[in-house]
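What follows is one structure encoded as C-alpha cells, with my remarks underneath.
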Amino acid sequence: MSINKTAQQNSTLYLVVRNSYGVNDHAGIAYYTIMNEELNELSTVPVRAFTDKTSAEDCARQLDEEVRATLPLPLLIAESDDENEAFASLLLKRIQELQLPQIVFSKKRYERGADFRNWWIQHATNLTAAQKAALWEPFQETRFHTVREMKLED
Amino acid sequence: MSIENPQLQYVVERFNWRRRDKKTFHRFPGFTRVASFDTKEDAEQFYRAEEAKARAVVNPFSGTLAPPTEQTDLPEAVLYDWYLERGFEPRIKDQKTGKYDWATWWNQNSQSWTPEQMLQAWEPLHRIQFYRIIEGPKRAVGYALVQINWGYNDEWYYPEEEGGTITKVFRTLEKAEQERDLQNRTSMAEWQEIAADFGYEEAGANQFELNFRLLPGTTPFDPPIQSANEEFGTFSAAEVPFWEIIEIELEGLK
C-alpha cells in the first residue's frame, strides 16, 4: 500500500452534521432539538464531510442560511424554559425594532410559545420576505448545522 | 440527445419531511441525499416520480403554521378564486371566525379528485417542495454509522425521531455494513436479554414503537410500517434497527 493511499484512508474528516428535531403539537406546532441524555449531547444527522475544516464550516453556515430562509421562527419556541425565555425575549425585541404588529400575550408564561405562533399565524401573510429575513438577524448564533472532527475509517 | 459532462453528477435530495399522522407531514430543517445520476434527464425522471408520490399522500395545508402563506405567493382570496375558477369548491370559511380552513377542505375533497384535478390543485402551491436536484462535480461518498437512541415512556421504547449518535465514517459501504450488522446483532441480543430478565408480560416481546421513525430505505411518503401485533401496534427487537448507515459526500477525497 502506498504512503499516499494510507494517508488518504486515515485522513481527518470535518463532518457537517445537522441537529435532529422532534415536533410537539400539543399547543400548536413547535420543533425541539433532541438531546441524548446519556451522552449529554444533541442527536445529529450526518450531512456532508470535508477534508478541510474551513470548507466544512462554510458549508454549515450556508446550510443554516437555507434553513432560515424557509423555517418560521416561532416554530422554535417550544416551552418556557430559560433558553426559550431568552429566545422569546430576543424575538419580541426584534419585532418591536422592526415596528411589526404587537404580540398579544396571554397571562400564562408557559403559553408564550403559542402566543408567538398565533402572532405568526395572524401576520405572516402580510410580512414581506425582507421582514421575515430581518426577524432572523439576532439569531445568527442559533445553529442548525455544526462541524465535528472525525477519522475516516478504511 | 444532449451530451453530458462526465465530470458532473445530478444528486436528488429530499427535504426533511416527516409523517405525523395519516395526512399530516412536517418539514424540518435539512435534507437527505437520496440518489445520484450521471445525466440530468435521469435525475429529472426520478425527481418527478418521487415528487408525485409525495403529492399523492401529503395534505399541503396541514402541518404548517400559517397556510396558505407557506404554500403559495398568492394572497388568500386570490388563491380561493383561483380554485373556484377551475371547478374546485373551496367552501371552507368558518362561519364564526371568517377564516379559511384549507387543510380540512383538502382532507375532505382530495380523495375524490381525478389525477388531473390533483395535478391542478397542486399548481399554485409552488412553495411546497419535497425534492430538489443539485448539479455539481462528481464526488466520493462515505458511509456514516449512526446509533439510533431509544427512550422509554414507562410502557414502550421509542426511537428518536431522526438521527442519533454518529460513531464512525467509513470509506466503503462493505465495511460500514459489516460494522452495522455486528452492532445490530449485539444490540438485539442485549435487548432480548433485558426483556428476559425483566420477564415482561405478553407485550414484552414487542416492546418497541416506531412512531414514524423512517426505516432505512423508506421514504416518509411510503405507507407507515404496520406491526403484526394488532393489539399494541408495537415491534420486537428483531424488527427494529439500532444502527443505520447514512451515505454522505466526501469533499476533497477522490
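Read-outs: derived from the displayed coordinates by stated rules, not from any lab. None of the values given here were measured: they were computed from a predicted structure. Backbone-built Cβ (ideal geometry, glycine too); neighbour counts: all protein chains shown.
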**OP:** Please express the shape of the protein assembly as shown as an equivalent ellipsoid: the semi-axes are the square roots of 5 times the eigenvalues of the C-alpha gyration tensor, given largest first in whole angstrom.
**Re:** 36, 27, 25
Subject >> In Å, descending, principal axis extents of the Cα set of chain A >> reply: 69, 36, 21
**OP:** Would you please put B:49-57, B:23-31 in order of how densely packed they are, using the mean number of other Cβ atoms within 10 angstrom per residue and starting with the highest?
**Re:** B:23-31, B:49-57
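How well do other chains shield peptide A:36-46, expressed as the mean number of their Cβ atoms within 10 Å of each residue Cβ?
For this peptide, the per-residue mean of nearby foreign Cβ atoms is 6.
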Original post:
Where the only charges are on Cβ atoms (+1 Lys, Arg; -1 Asp, Glu), what is the dipole of segment B:1-118 about its Cα centre, to the nearest 20 debye?
Top reply: 700
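What does the structure give for B:135-141 when I average, per residue, the other chain Cβ atoms found within 10 Å of the residue Cβ? Don't skip to the end; give the middle numbers.
Details: counts 0, 0, 0, 0, 2, 2, 2.
Averaged over the peptide's residues, the number is 1.
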Subject >> Lysine pairs with alpha-carbon atoms under 27 Å apart, chain B, spacing 8 or more or separate chains >> reply: 15
Subject >> Partner chain coverage, peptide B:243-253 - average Cβ within 10 angstrom >> reply: 5
Original post:
Which whole-number percent of Cα pairs in segment B:103-254 have a distance greater than 27 Å?
Top reply: 45
Original post:
Along the charge dipole of the protein assembly as shown, Cβ charges K/R +1 and D/E -1, which of B:A189, A:A114, A:T12 sits furthest on the positive end?
Top reply: A:A114
